[in-house]
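Before any comments, here is the structure.
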Amino acid sequence: MADPIRIQKAIAHSGLMSRRAAEEAIARGRVRVGSRIAILGDRVDVDSEIVLVDETPIPINPAKETHLLYKPVGVISTSDDPQGRRTVVDLVRAETRLYPVGRLDAESEGLILLSNDGDLANLVTHPKYQIVKTYLILTNGRPGRAVLRKLVAGVELEDGIARALSARIVDSVGGESMLEMKMGEGRNREIRRMLLALGFEVNRLIRTAIGPIGDSRLKSGESRRLSNQEVWSLIKAATGS
């Protein structure tokens, strides 16, 4: 366990602002430690205390790691697999044990987070926080406006109504169309089941963004660690700050 450090140093180490800017924020009453307003000279335990700037929690614990992976098709979104298949954990090198944040089915590809930060994982995956996930879907045929409206209005599935936040066609070549869909929840194979219920098969499904986090430069199987600014942007997207 690390020794408590001065709060302005903890904020500066997060990478979100300089120590001078942190001192100014503290002096103006913009910083809290838990429920109390911070003052210059306060010390904070990065392992157990929460620091908020402008009411938004910030990542001050250097032991917390969150990585962004482009999951290939066929890789399982779990920590381990009884059948011995390759998992997302096998693809990411980190200083500590990481766990997948949410899931992406084996036949799908694209971005998934791995982290040892349980609080962040809850913010990203819990339906009440409505972190928007963006997908590109290659499907057979050409869904018309009525189909796109139905995807947003709601499709009846065996586990209840499923709705997209938005749905649009971004390209159409030959007998296939590329759709972009934004989803606020992540039920098992939800997009595939929605489209199948409307008469369309999914030929390819790619998650391109998780909230504000995306990276078109990542190739299949590649990963990188998120910056503190990116972690903060995820927290802000979840909390609405």
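Relative contact order of the stretch 1-104, please, whole-number percent, based on alpha carbon pairs below 8 angstrom and at least 6 residues apart.
Relative contact order, the stretch 1-104: 21 percent.
List every residue whose amide H lies under 5 Å from the amide H of Arg204, counting only residues 5 or more places away in sequence or on a different chain, with H placed 1.01 Å from N in the peptide plane.
Answer set, sorted by chain and number: Leu138.
Two decimals is fine: what's Rg over Rh for the stretch 40-157, C-alpha atoms, Kirkwood radius as Rh?
Rg/Rh: 1.08.
Run through all the Cα pairs of the stretch 15-89 and give the fraction in each 10 Å bin from 0, expressed as whole percent.
16, 36, 16, 17, 14, 2
Under 26 Å Cα-Cα from Lys236, which lysines qualify once same-chain neighbours fewer than 8 residues away are excluded?
The reachable lysines, counting only those whose Cα sits under 26 Å from Lys236, are Lys9, Lys64, Lys71, Lys128, Lys133, Lys182.
Report the one residue of His126, Met183, Thr96 whose Cα lies farthest in the direction of the positive end of the charge dipole of the stretch 59-192 (charges on C-beta: Lys and Arg +1, Asp and Glu -1; origin at the Cα centre).
The Cα lying farthest towards the positive end belongs to Met183.
Each residue of the stretch 98-114 in order: what ³J(HN,Hα) in whole Hz does its phi give by Karplus 6.51 cos²θ - 1.76 cosθ + 1.60, θ = phi - 60°, with x for Gly and Pro?
10, 10, x, 9, x, 9, 9, 4, 4, 7, 9, 9, x, 7, 8, 9, 10
Helix-derived [θ] at 222 nm for the chain: sum -39500 (n - 2.57) over DSSP H runs of at least 4, divide by residue count, nearest 500?
Estimated from H runs of four or more residues: -6000 deg cm²/dmol.
If you take every residue apart from Leu136 with its C-beta less than 13 Å away from the C-beta of Leu136, what net charge results, scoring Lys and Arg +1 and Asp and Glu -1?
Neighbour charge sum, excluding Leu136 itself: +1.
Could you list the square roots of 5 times each eigenvalue of the Cα gyration tensor of the stretch 177-227, that is, the equivalent ellipsoid semi-axes, sorted largest first and rounded to whole Å?
Semi-axis lengths for the stretch 177-227 are 25, 13, 10 Å.
Over the chain, calculate the relative contact order: mean separation of alpha carbon pairs under 8 Å at least 6 apart, over the residue count, as a percent.
Value for the chain: 21 percent.
Which percent of the Cα-Cα distances in the chain go past 27 Å?
So the portion of pairs separated by more than 27 Å is 44 percent.
Counting every Cα pair in the stretch 15-55, what percent are over 17 Å apart?
22
Under the definition of Cα pairs under 8 Å and six or more residues apart, what whole-number percent is the relative contact order of the stretch 22-74?
This gives 28 percent for the stretch 22-74.
Coordinate-derived values only; no laboratory data. What you see is a predicted model, and the numbers here were worked out from it, not measured in a lab. Methodologically, a virtual Cβ is constructed for each residue, glycine included, from the backbone with ideal geometry; neighbour enumeration extends over all protein chains shown.
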